[in-house]
Amino acid sequence: MAKVLVVGAGIFGTMHAYFALKAGHEVTLVERDPKPLSASVRNFGMIAVGGRAAGDELKVALRARELWGELAQQHSELTFRPSGSILVATSDNHLAVIEKVAQYPDASDRGWKALDRKQVMEMNPGIRGERVTGGLYCSQDAVVEPDRVLGEIRSIMHENPRFEYLPGHDVVSVDETSDGVRLAIRGGKKVSGDIAFVVPGADHSSLFGEHLDSEPLRRVFLQMARLENPGVTLTTSIANFDSLRFYPGYRGEPIDELEPVRPLVQEMVMQLLLQQRVDGTLTMGDTHVYEEPFPHEMREDCYDLLLDEAESILGTRPNITTRWQGIYSQNTADLICVRKKVTQKIMLVTGPGGRGNTLSPAIAETSMKEMFNV
Ligand SMILES: Cc1cc2nc3c(=O)[nH]c(=O)nc-3n(C[C@H](O)[C@H](O)[C@H](O)COP(=O)(O)OP(=O)(O)OC[C@H]3O[C@@H](n4cnc5c(N)ncnc54)[C@H](O)[C@@H]3O)c2cc1C
């Protein structure tokens with residue numbers, strides 16, 4: 001068995017550590033910040049299978065969903081809710097499109113079902129908007145709590161004495177040595193092992209920047225918000241109709257025939273996603289900026305539009321209590337992620353895009369197979 005070092009304790013690094021430990025290796029998980037602060041704690045926590053592209057991406061997403069389910073079954077401390085999602089229509093035309101999408105050949109793999117207004121409200125009594133005409137239910141979608149999940153998985157790993165976590169350790173170099181690998185930590189400390197997974201998220205420059213520069217990678221900037229508890233339970237994740245244009249799983253004739261999107265939606269590549277947290281508050285997003293340098297200010301017109309959409313679905317307009325931004329690493333080559341062995345003993349993994357939380361267990365499982373040839 002090997003001593004495995006994992007650099008970066010976002011959801012990718014955490015899942016790589018989990019699967020390495022599960023395979024019997026000794027694992028040290030190293031994180032730059034006192035606690036992870038990047039994309040993995042800023043996201044919706046959605047395990048979103050329904051919108052994944054037909055073919056390989058859907059296969060990986062379904063495998064990931066299965067692994068999330070197994071993890072939750074084995075470890076009751078994981079706040080995992082297999083609550084599904086509803087993509088909501090607010091016009092008869094949009095419901096007609098949803099009804100066509102629900103007939104796609106792989107609809108049953110995704111757990112899709114078209115619902116009318118009454119069925120939507122029965123399934124999710126928090127959806128009370130007068131304009132709601134129906135929706136697309138996806139039974140495969142699930143959710144975890146982004147501010148808890150990393151700690152929850154780490155505490156599962158801490159039950160195993162072969163696991164060690166080193167927060168507040170900024171790794172400044174990773175080198176292959178004659179007998180393994182060595183991390184140099186800012187301040188002078190060294191950590192040695194046999195194998196290293198470098199999982200740096202959207203930091204494309206600090207480690208192996210020259211390798212990442214030659215990969216088809218970009219960074220994406222998103223605006224997010226927390227809304228006050230609306231006083232009702234939202235039993236599923238919620239998306240507005242614009243999501244249908246956004247995710248590759250819905251591609252097809254019914255989408256090609258849609259009317260053009262509103263100018264702000266197009267400019268900021270927006271969709272409404274709403275996720276109720278276990279404390280009742282809502283996570284709301286999102287927008288997408290693909291060109292760097294990213295803005296340093298949040299756009300209020302985007303928040304207004306998202307709130308209008310939320311109001312049309314919920315029938316109520318909760319106040320925003322917090323705003324934040326997040327950045328993720330995305331590959332632009334239709335890959336599941338960028339996974340590169342920079343030496344025989346060092347593997348670099350990033351670039352999953354806006355589906356990294358969803359796919360992380362399946363990607364980590366594959367990394368183990370590729371590194372250890374099993
Ligand atoms: C706003 C937003 C919403 C999203 N919503 C969803 C969603 O609902 N569902 C979904 O599937 N995906 C979602 N995503 C995408 C998902 O969050 C990311 O794909 C995923 O979190 C990436 O995980 P990661 O571990 O690779 O990166 P990160 O979370 O960025 O973690 C990387 C970690 O590595 C550490 N690190 C980097 N360099 C070093 C170093 N040199 N030394 C030590 N540590 C280092 C960083 O400090 C960081 O903690 C969303 C992303 C954003 C931004």
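Okay, which of the range 319-358 sit inside 16 Å, backbone N to the point 7 Å along the Cα-Cβ direction of residue 296?
325
Antiparallel as a % of all DSSP beta bridges within the chain, to the nearest 5?
Working: 52 of 71 bridges.
For the chain, the DSSP antiparallel bridge percentage is about 75.
Given an 8 Å cut-off on Cα distances and at least 6 residues of separation, report the relative contact order of the range 254-341 as a percent.
The normalised contact order for the range 254-341 reaches 18 percent.
Can you tell me the dipole magnitude for the chain around its Cα centre, using point charges on the Cβ only (Lys, Arg +1; Asp, Glu -1), in Debye to the nearest 20? Intermediate results must be reported in sequence, preceding the final value.
Working: 40 positive and 51 negative charges, 178 e Å.
Computed about the Cα centre, the dipole is about 860 debye.
At q = 0.09, 0.13, 0.14, 0.15 Å⁻¹, what is the log10 ratio I(q)/I(0) for the range 1-160, with the Debye formula run over Cα points and no solvent?
-0.39, -0.72, -0.80, -0.88
Among 283, 236, 322, which one moves the most in a GNM of the chain with springs linking Cα atoms closer than 10 Å?
Looking only at 283, 236, 322, the largest GNM fluctuation is found for 322.
Enumerate by residue number the trypsin sites (Lys or Arg not before Pro) in the range 176-248 meeting two conditions: DSSP loop (anything except H, G, I, E, B), and at most 12 other Cβ atoms within 10 Å of the site's Cβ.
Here the sparse-neighbourhood loop sites are 186, 189.
If I stretch the segment between residue 108 and residue 59 completely, what's the gain in nm (0.36 nm per residue apart, minus their alpha carbon distance), one decimal?
16.3 nm
For the range 24-63, build the convex hull from the C-alpha positions and give me its volume per residue in Å³.
Hull volume over Cα atoms, normalised by residue count, gives 130 Å³.
Two decimals is fine: what's Rg over Rh for the range 95-180, C-alpha atoms, Kirkwood radius as Rh?
Taking Rg over the Kirkwood Rh, I get 1.29.
Starting from the Cα of residue 324, step 7 Å along the direction of its Cβ; do the same at residue 116; then give the gap between the two resulting points in nm.
Inter-label distance under the simple model: 4.2 nm.
Over the Cα atoms of the range 227-278, compute the convex hull volume and normalise it per residue, giving Å³.
Cα-based convex hull of the range 227-278, divided per residue, equals 117 Å³.
Rounded to the nearest 500, what is the 222 nm mean residue ellipticity of the chain from helices alone, with -39500 (n - 2.57) per DSSP H run of 4+ residues and division by all residues?
Helix-only estimate at 222 nm: -8500 deg cm²/dmol.
Separation between the residue 158 and residue 210 pseudo-spin-labels, each 7 Å from Cα along Cα→Cβ, expressed in nm?
Here the modelled spin labels are 4.0 nm apart.
I need the semi-axes of the equivalent ellipsoid of the range 154-238: take the C-alpha gyration tensor, multiply each eigenvalue by 5, square-root it, list largest first in whole angstrom. Working shown, then result.
On the way: eigenvalues 244, 96, 31 Å².
Computed over the range 154-238, the values are 35, 22, 12 Å.
Are there GluC sites (Glu not before Pro) in the range 79-184 that DSSP puts in a loop and that have at most 13 other Cβ atoms within 10 Å, and which ones?
Listed in order of number, the matching sites are 130, 159.
Would you mind telling me which residue in 278, 149, 171 has the biggest mean-square fluctuation in a Gaussian network model of the chain, where springs connect alpha carbons within a distance under 10 angstrom?
Among 278, 149, 171, the largest GNM mean-square fluctuation belongs to 278.
Counting only C-alpha contacts under 8 Å and six or more residues apart, can you give the relative contact order of the range 193-346 as a whole percent?
39 percent
Straight-line reach from residue 118: which lysines have Cα under 20 Å away, leaving out those fewer than 8 places along the same chain?
Output for residue 118: 100.
Could you pull the Cα extents of the chain along its three principal axes, largest to smallest, in whole Å?
67, 41, 39
Which one, 298, 313, 356, is farthest towards the positive end of the dipole of the chain when Lys and Arg carry +1 and Asp and Glu -1 on their Cβ?
Farthest towards the positive end: 356.
For the chain, with a Gaussian network of springs between Cα atoms less than 10 Å apart, report the residue from 40, 205, 178 with the top mean-square fluctuation.
Comparing 40, 205, 178 in the GNM, the peak value goes to 178.
For residue 175 paired with residue 92, estimate the spin-label separation in nm (one decimal), with each label point 7 Å from Cα along the Cα-to-Cβ line.
According to this spin-label approximation, the distance is 7.2 nm.
Extension gain residue 304-residue 182, at 0.36 nm per residue separation less the Cα-Cα distance, in nm?
My answer for the length gained is 39.0 nm.
Straight-line reach from residue 345: which lysines have Cα under 20 Å away, leaving out those fewer than 8 places along the same chain?
3, 22, 190, 369
Within the set 35/189; 59/340; 59/189, which residue pairs have Cα atoms separated by over 30 Å? Walk me through the intermediate numbers first.
Values: 35/189 19 Å; 59/340 21 Å; 59/189 42 Å.
Table pairs above 30 Å Cα-Cα are 59/189.
Which GluC sites (Glu not before Pro) in the range 11-84 pass both tests, a DSSP loop state and at most 16 other beta-carbon atoms within 10 Å?
77
FYI, it's all coordinate maths here, none of it is from the lab. Bear in mind the structure is a predicted one, so any value in this text is a computation, not a measurement. Neighbour counts are summed over all protein chains in view; Cβ atoms, including those assigned to glycine, are modelled from backbone coordinates with ideal geometry.
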